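To start, the structure itself, in structure tokens.
The values are calculated or read from the model by the stated rules, or taken from the named source; none is laboratory data. Since we're looking at a predicted model, the values are computed, not measured. Quick reminder, even Gly has a Cβ in these numbers, built from the backbone with ideal geometry, and neighbours come from all protein chains shown. Areas reflect the complete protein model, heavy atoms only, side chains present, ligands, DNA and RNA absent. Shrake-Rupley method; radii C 1.70, N 1.55, O 1.52, S 1.80 Å.
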Amino acid sequence: MSMTTPRIDSGKLGELAATPDGRGAETVFAVSDLTVSYSGNVALKGVDLAIQKNFVTAFIGPSGCGKSTFIRCFNRMNDLVPGARVDGEVLYHGRDLYGANVDPVEVRRRIGMVFQKPNPFPKSIYDNIAFGPRILGMKQDIDERVERTLKHAALWDEVKDRLKENALGLSGGQQQRLCIARALAVEPDVILMDEPASALDPISTSRIEDLIHELKNEYTIVIVTHNMQQAARVADKTAFFSVELREDGSGRHGILVEYDQTTKVFTNPTDKRTEDYVTGRFG
Amino acid sequence: MSSAQITDPYDITASSNNLGRRRRIQKLVSFVAILSAALAVALLALVLGTVLFKGLSQIDTAFFTKPAALFGEKGGIADALIGSALIVGMAMIMAVPIAILVAIYIAEYAGPKAASFFRVMLDVLNGVPAIIVGIFIYGLLVVGKGQSAIYGAMALAILMIPMVARATQEILELVPRHLREASLALGVPRWRTVYSIVLPTAIGGILTGVVIAVARVAGETAPLLFTSSITQNQISFDIHNALPTLPVRIFTLSESPSPDDQAAAWAAALVLIAFVLVMNIVAKVIANRKRRSLEGG
Ligand SMILES: Nc1ncnc2c1ncn2[C@@H]1O[C@H](COP(=O)(O)OP(=O)(O)OP(=O)(O)O)[C@@H](O)[C@H]1O
Ligand SMILES: [Mg+2]
């Protein structure tokens, strides 16, 4: 690890970031000097950052800067990509997420994920929600759990009369809320969302945003978005990533440029590159 | 052509450059293609027509309920149908689980190099002539222990495994990656994801592959000549002995000098062809129905 990289004292940053209602007082993830490469090509380099409990943290930045790569480090989804390699440290409540005795399956149970394209299982609406809990042994009161999670995801009223129908018959926005409900059903601690609304119309998008507001009281949420207004609307803190050309000309990789309170990032950024991006002068 | 001539550059009715030649080639190619397609259909019609013409008149209820003829009297194929059903059924029980496990390994667990190695191996196995598989089982088991329906089923299973495994593996690879990710992201283990999400999604395609493989091996004759051909031609369910089968029956009947036997051979051939056709239609129906349910019908 390079000695020049300033290490973030996540505990201290956490205290600084806490809101009056107590959200954000605790650090959920502390990332230090994280580098991810695919088959030897570095995609994201030297990221240091801490994510606070019950905060909504947004990742923004141009296409290809490694936002998806980064968010997939938190639930070890990159383990599934042949040739992917993660170096550096990710602490989850102080425990090494990539420790030798950590089972990625258990990690993914606690850290749920919602994908860019709604991806319900080709099963009934009910079974989409019940699938996770059943397999993970949360077998009591499945009916009640399905109802509770669908209400939580603001979908219950729309689907309560058609629970046995195939989930693929729902609209895109409904499918995405179903996917959020499916993630909530296994009682995660954190929810990762990789551009959850980018495939949706404006009305469905605003429903997802409302939902994020509701959920942040109980969950820690990390969201990747291309839409800066969306980041400004939903996020407590925002991290701006950018692409950096390597000095030796061997290619480009993503870096973390700036990470701060969302209002600060959008109104008074420290870095020139952030300012160019948020004011639309990028590229 | 004179360069002084004023031409309308947007005149799309005028032919430019080699348009005429391109049109002629286009016509020629489509003519040859249509002709070839028609030839293939005509060949199928000819085969079906001949078998239908020569076999249909022989078929009555007794043909299905009586075993082979002893002397002179008109016989049926009941014994061969039972033997074929038992042998193909056993082959299916032996081959399908192995084939699906092989396919799961290739599609879900193997790295890219191992996967392509096993794919090539299956293709090679698929290309081994049936008679070689027959000789293999003959040399390994039949010599010494004698013929048996079980050995016949083993030979057919060896033929089925690469067919079913390859079909299954291709279907598994068509299951969208985002479905696997959705399940894994819930903290569902890999094997459970395969069992509960990937296999049910692919089940239509897998069944189609099995049905087509069954139709293929049901008509295989060579391996059964080595393993289950010296038979009593009586109705029997004893799988430890050789059992009569439809393809072997067609073979022996057609070798016979008696015109009655030859007529019976055509009729038996008609039954076999009808079975293969029905199986293929069943496969199509399964595939279509499953595709519709995947698309959210
Ligand atoms: N599975 C993979 N295999 C190889 N390279 C990959 C893989 N996934 C991402 N990359 C590379 O890593 C870099 C970062 O990609 P990533 O998908 O993380 O960017 P992103 O910021 O999410 O972009 P977008 O906004 O377009 O989604 C890109 O150069 C990409 O080509
Ligand atoms: Mg992305």
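Can you find, within region B:262-293, the residue that is farthest from the other protein chains (Cβ to nearest Cβ) among those that are at pLDDT below 85 and open to solvent by 70 Å² or more (accessible area, probe 1.4 Å)?
B:Arg289
Scan region A:125-136 and give yes if some residue there is modelled with pLDDT of 95 or more and touching a strand residue (DSSP E or B) at 6+ places or on another chain (Cβ under 6 Å), otherwise no.
no
From the residues in region B:55-70 that are closer than 14 Å to B:Arg249 by Cα and of a type in the set (Gly, Ala, Ser), which one is most open to solvent (accessible area, probe 1.4 Å)?
B:Ala69
Could you say which residue among B:Thr231, B:Thr201, B:Thr245, B:Thr227 is within 14 Å of chain A (Cβ to nearest Cβ), touching a residue at least 24 places away in the same chain (Cβ under 8 Å), out of contact with any Lys or Arg (no Cβ under 8 Å at 6 or more places or on another chain) and of a type in the set (S, T, N, Q)?
Selected residue: B:Thr201, the only one of B:Thr231, B:Thr201, B:Thr245, B:Thr227 that is within 14 Å of chain A (Cβ to nearest Cβ), touching a residue at least 24 places away in the same chain (Cβ under 8 Å), out of contact with any Lys or Arg (no Cβ under 8 Å at 6 or more places or on another chain) and of a type in the set (S, T, N, Q).
Are there any pairs with C-beta distances below 9 angstrom linking a residue in region B:96-114 that is at pLDDT below 95 to a residue that is basic (Lys, Arg) and open to solvent by 30 Å² or more (accessible area, probe 1.4 Å), with the two at least 6 apart or on different chains, and if so which?
Within 9 Å, the pairs are B:Glu108/B:Arg180; B:Glu108/B:Arg190; B:Tyr109/B:Arg190.
Only one of B:Ser16, B:Ser30, B:Ser3 is over 30 Å from B:Phe237 (Cβ atoms), at pLDDT 90 or above and of a type in the set (S, T, N, Q). Can you tell me which?
B:Ser30
Could you please give the count of residues in region B:160-185 that are at the interface with another protein chain (Cβ under 9 Å from one of its Cβ atoms) and surrounded by 23 or more Cβ atoms within 10 Å (Cβ to Cβ)?
Qualifying residue count, region B:160-185: 4.
Under the condition of being assigned to a loop (DSSP other than H, G, I, E, B), more than 9 Å from ligand 1 (Cβ to nearest atom) and not small (Gly, Ala, Ser), which residue from region A:39-89 is most open to solvent (accessible area, probe 1.4 Å)?
We begin by selecting, within region A:39-89, every residue assigned to a loop (DSSP other than H, G, I, E, B); these are A:39-40, A:53-55, A:61-66, A:72-76, A:81-83.
Still in the running and more than 9 Å from ligand 1 (Cβ to nearest atom): A:40, A:53-55, A:73-76.
Going one step further and asking which of them are not small (Gly, Ala, Ser), we end up with A:53-55, A:73-76.
Working: A:Lys53: 58, A:Asn54: 26, A:Phe55: 1, A:Cys73: 1, A:Phe74: 1, A:Asn75: 0, A:Arg76: 28 Å².
Among them, the one singled out is A:Lys53.
Exposed (fewer than 13 other Cβ atoms within 10 Å of the Cβ) and of a type in the set (Val, Ile, Thr): does that describe B:Ile93? Walk me through how you get there before you give the answer.
Numbers: exposed (fewer than 13 other Cβ atoms within 10 Å of the Cβ): yes; of a type in the set (Val, Ile, Thr): yes.
Yes; evaluated as a whole, the condition is true for this residue.
When A:Arg108 is evaluated against the numbered criteria (1) within 14 Å of another protein chain (Cβ to nearest Cβ); (2) open to solvent by 20 Å² or more (accessible area, probe 1.4 Å); (3) in a helix (DSSP H, G or I), which criterion, by number, is the only one it fails?
Looking at each condition in turn, A:Arg108 falls short on (2).
Could you say whether any residue in region B:129-139 is more than 14 Å from chain A (Cβ to nearest Cβ), surrounded by fewer than 22 Cβ atoms within 10 Å (Cβ to Cβ), in contact (Cβ under 8 Å) with a residue 24 or more places away in the chain and under 16 Å from the mean Cα position of the chain (by Cα)?
There is at least one residue in region B:129-139 that is more than 14 Å from chain A (Cβ to nearest Cβ), surrounded by fewer than 22 Cβ atoms within 10 Å (Cβ to Cβ), in contact (Cβ under 8 Å) with a residue 24 or more places away in the chain and under 16 Å from the mean Cα position of the chain (by Cα).
Is there a residue being in contact with a helix residue (DSSP H, G or I) (Cβ under 8 Å, 6 or more places away or on another chain), among the polar types (S, T, N, Q), closer than 30 Å to A:Arg76 by Cβ and at pLDDT 95 or above anywhere in region B:197-207?
no
Residues are listed down the side, and each one gets a yes or a no for (1) away from ligand 1 (no atom under 16 Å from the Cβ); (2) open to solvent by less than 10 Å² (accessible area, probe 1.4 Å); (3) part of a helix (DSSP H, G or I); (4) in contact with a Cys (Cβ under 9 Å, 6 or more places away or on another chain):
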site: A:Asp161; (1), (2), (3), (4): yes, no, no, no
site: A:Lys164; (1), (2), (3), (4): yes, no, no, no
site: A:Leu168; (1), (2), (3), (4): yes, no, yes, no
site: A:Gln174; (1), (2), (3), (4): yes, no, yes, no
site: A:Leu178; (1), (2), (3), (4): yes, yes, yes, no
site: A:Ala181; (1), (2), (3), (4): yes, yes, yes, no
site: A:Glu187; (1), (2), (3), (4): yes, no, no, no
site: A:Ile191; (1), (2), (3), (4): yes, yes, no, no
site: A:Ala199; (1), (2), (3), (4): no, no, no, no
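Being within 16 Å of ligand 1 (Cβ to nearest atom) and within 14 Å of another protein chain (Cβ to nearest Cβ) narrows it down to one residue among A:Val243, A:Val222; which is it?
So the residue among A:Val243, A:Val222 that is within 16 Å of ligand 1 (Cβ to nearest atom) and within 14 Å of another protein chain (Cβ to nearest Cβ) is A:Val222.
Pairs needed: first member in region B:250-265, of a type outside the set (A, V, I, L, M); second member anywhere, open to solvent by 90 Å² or more (accessible area, probe 1.4 Å); C-beta distance under 8 Å; at least 6 residues apart or different chains.
The qualifying pairs are B:Asp260/B:Lys74.
For region A:67-96, enumerate the residues that are within 16 Å of ligand 2 (Cβ to nearest atom) and either away from chain B (no Cβ under 14 Å) or of a type in the set (Asp, Glu) (or both).
Answer for region A:67-96, where residues must be within 16 Å of ligand 2 (Cβ to nearest atom) and either away from chain B (no Cβ under 14 Å) or of a type in the set (Asp, Glu) (or both): A:Lys67, A:Thr69, A:Phe70.
Here is a check on your reading of the model: is A:Gly99 within 14 Å of chain B (Cβ to nearest Cβ) and without any contact (Cβ under 8 Å) to a residue 24 or more places away in the chain?
Criteria not met by A:Gly99.
Confirm whether A:Val114 is within 16 Å of ligand 2 (Cβ to nearest atom), surrounded by 21 or more Cβ atoms within 10 Å (Cβ to Cβ) and at pLDDT 95 or above.
So A:Val114 fits the description; yes.
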